[in-house]
1. Does region 137-154 contain any residue that is assigned to a helix (DSSP H, G or I) and in contact with a helix residue (DSSP H, G or I) (Cβ under 6 Å, 6 or more places away or on another chain)?
2. Any residue that is in contact with a strand residue (DSSP E or B) (Cβ under 8 Å, 6 or more places away or on another chain), assigned to a helix (DSSP H, G or I) and at pLDDT 80 or above - is there at least one of those in region 234-256?
3. I need the full set of residues from region 214-258 which are more than 15 Å from residue 194 (Cα to Cα) and in contact with a helix residue (DSSP H, G or I) (Cβ under 6 Å, 6 or more places away or on another chain), in order please.
4. Inspect region 108-117 for any residue being part of a loop (DSSP other than H, G, I, E, B) and in contact with a strand residue (DSSP E or B) (Cβ under 6 Å, 6 or more places away or on another chain) and give the result as yes or no.
5. Just name the residue that is surrounded by the fewest Cβ atoms within 10 Å (Cβ to Cβ) out of those in region 155-174 that are outside any helix (DSSP H, G or I) and touching a residue at least 40 places away in the same chain (Cβ under 8 Å).
């Protein structure tokens, strides 16, 4: 069995808090977990870690991307089908939910699931049983469902794109993954981790990052998060031959993005007054993220650092899209 525990690399307070949370959730009996996080933050990795530390680790972990298949095929993938249930169903097929009995099912991009299929999933969560497509008798299972999304699901509920009852059923335990830009020096720790891995894979002896590249990495906001960093470093291993990564090895998009004021410099005042609210909200998000990082994601402590009540901080985080209601 693969060990994923050493893949959650970093020493920031946010990552330390995440490790503790993953361990606590994994060892709990809860049957539903919802993981929030931007693209590339490691939602699949955290899902596997939750499975691995649980008593279900001896059984299967199966994952499926809900955005990868149309609703009709996704239902068959999840629940299986009987012979003759539809054109092309020449044999009975076991679905992923049944295959994961006593184990875990990871539903990535849960927001993309069709509303009709969401209703069927809710039934499975409530009853721990389902019917294969075309079947009459139900199949009973004991499965933990771990869902993930990079969307704010409550807004999807408001817009009618996600079932409210399913949202609250999944929201029993929620895990919020920090963006790489909010993890401080973890970007350098991760870079060293990936360089070590790629040295083994490509049989190289690349020494690391130049001081200039370290500064660039700390200033760049990493919109693609950990996945973007990993892919960038692998590209450098493939295309470059030098022993130390230099700024000239980095894509222009990164160099252009960090060519503004140095880290810690005062941000310029927007020329367009219509930017005021956007700039203010960006500043508020930065302050809140910093307070959360320094307090280990403890809302009460973070609120104290900001001079707010816990209720006021929570309200502000929901308003800024940092927390779901």
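1. Within region 137-154, one or more residues are assigned to a helix (DSSP H, G or I) and in contact with a helix residue (DSSP H, G or I) (Cβ under 6 Å, 6 or more places away or on another chain).
2. Taking every residue of region 234-256 in turn, at least one turns out to be in contact with a strand residue (DSSP E or B) (Cβ under 8 Å, 6 or more places away or on another chain), assigned to a helix (DSSP H, G or I) and at pLDDT 80 or above.
3. Those that are more than 15 Å from residue 194 (Cα to Cα) and in contact with a helix residue (DSSP H, G or I) (Cβ under 6 Å, 6 or more places away or on another chain): 220, 221, 222, 240, 247, 249, 258.
4. yes
5. 172
The values are calculated or read from the model by the stated rules, or taken from the named source; none is laboratory data. Since the structure is predicted, the reported quantities are computational estimates derived from the model, not experimental observations. Neighbour counts are summed over all protein chains in view; Cβ atoms, including those assigned to glycine, are modelled from backbone coordinates with ideal geometry.
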